[in-house]
Amino acid sequence: MVRPESDHYYPSSLANKPIAVQFHAGSHYTVLRLLEGYIPAEKIKLLHYGSPRYRFEAMMSGEVDAAMLMEPWISLAEKNGCRAVCEGHYLGAENASDNMDEETFAAINRAVIKAVDLINSDKKRFLHYLIDQPKFAPVAKEWGGLTVDDFHLPRLRYAHPRPYTEEQLEDTYNWMVRWDLLNSSICATDFVDNRAVDSVAADD
Amino acid sequence: MKKVVSETSGAVFSLPWFVAKDEGFFADEGIDMEFVESIAIKVDQHTANPEDVDPILGHTPFENRQVAIYRA
């Protein structure tokens, strides 16, 4: 996203301009996936600013030309006149420790599935969780506050948990190696164990 | 009830978990769910090199085995 007075209206003009992200997180990987379609890799200039609050503030202060944000920071930025020059979605994943047993994981996912269905039946009812979160609310107050009517609801996408496919894993692994984000001597299957998730899918 | 401790990150990611807890869906499954918030990352040196940054980021409760699961 860019601030209201910015001259950036589409991704190509962000070549060689500083963009705030959090390295090794969704904001890092998603911005690369979005910008590589417009800008040569060597002209994508990302800077590590940490959590979304600091990326938002760096954008608003003009320290950076753009910041990669997620909700509810996107809605707060839009309410303050900022605009998206590109927008993408990525998969959120549950990462369980090696001592999480399959029965417990399946029980958790059954509860999460009920919650997903409830959220999708009336998203506005649950937006207070986003608005009131302690890392967001004080900053939002400084920037005019945020209400449930400020959100673009289709942007909020909740789906039943399910394992990603071998093909998705392989494609993502190859993409990370290409961007030098992963050591190619490590095989994708060396660090991903989908057994617990596979058992959930089998129960569906 | 089986106790499970989960790390929470941004509410946009953890929303189904918050709702599942508050609506009693975890309890219905015999899960006593407790949340530990991930640590916000504020950096003073805005490096352009990803190798300068520990990829664990704010997920230290998971790395320290305080929690059994997190999402990102």
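Inter-chain Cβ neighbour count for B:17-29, averaged per residue, equals 6 (cutoff 10 Å, partner chain atoms only).
Estimated from helical segments only, the mean residue ellipticity of chain A at 222 nm is -11500 deg cm²/dmol, where each DSSP H run of four or more residues counts as -39500 (n - 2.57). Judged by the ratio a/c of the largest to the smallest principal axis of the C-alpha gyration tensor, the protein assembly as shown counts as oblate, that ratio being 1.5 or greater while a/b is no larger than b/c. From most to least packed by mean Cβ count within 10 Å, the peptides A:55-64, A:3-12, A:139-148 give A:55-64, A:139-148, A:3-12.
Partner shielding of A:43-53 amounts to 5, given as the average count of beta-carbon atoms from other chains within 10 Å of each residue beta-carbon. Gap in Å between the Cα centre of the stretch B:13-72 and the Cα centre of the stretch A:29-45? The stretch A:29-45 and the stretch B:13-72 have Cα centres spaced 27 Å from each other.
Relative contact order for the stretch A:1-105: 39 percent, from Cα pairs under 8 Å spaced at least 6 residues apart, divided by residue count. Using a Cα distance threshold of under 23 Å, what count of lysine pairs results for the protein assembly as shown when pairs must be 8 or more residues apart or interchain? Total qualifying Lys-Lys pairs in the protein assembly as shown comes to 24.
Relative contact order of chain A: 22 percent, from C-alpha pairs under 8 Å at least 6 residues apart in sequence. For B:Val5, nonlocal amide neighbours, meaning residues 5 or more places apart or on other chains whose placed amide H falls under 5 Å from its own, are B:Glu34, B:Ala68. Near the amide H of B:Glu37, within less than 5 Å, lie the amide hydrogens of B:Thr8, all on another chain or at least 5 residues away, with H placed in the peptide plane.
For the protein assembly as shown, the share of DSSP beta bridges that are antiparallel, to the nearest 5, is 25%.
Neighbours of B:Glu7 by Cβ distance under 12 Å: Lys/Arg scored +1, Asp/Glu scored -1, total -2.
Shielding value for A:119-129 is 2, the average number of Cβ atoms from other chains within 10 Å of each residue's Cβ. A straight line joining the Cα centroids of the stretch A:104-183 and the stretch A:74-93 runs 13 Å.
In chain B, the calculated helix contribution to ellipticity at 222 nm averages -6500 deg cm²/dmol per residue, counting -39,500 (n - 2.57) for every DSSP H run with n ≥ 4.
Since every read-out is calculated from the coordinates, none of them should be taken as a lab result. All values reported here derive from a predicted model rather than from experimental measurement. Using ideal geometry, Cβ is built from the backbone for each residue, glycine included, and neighbour counts are taken over all protein chains shown.
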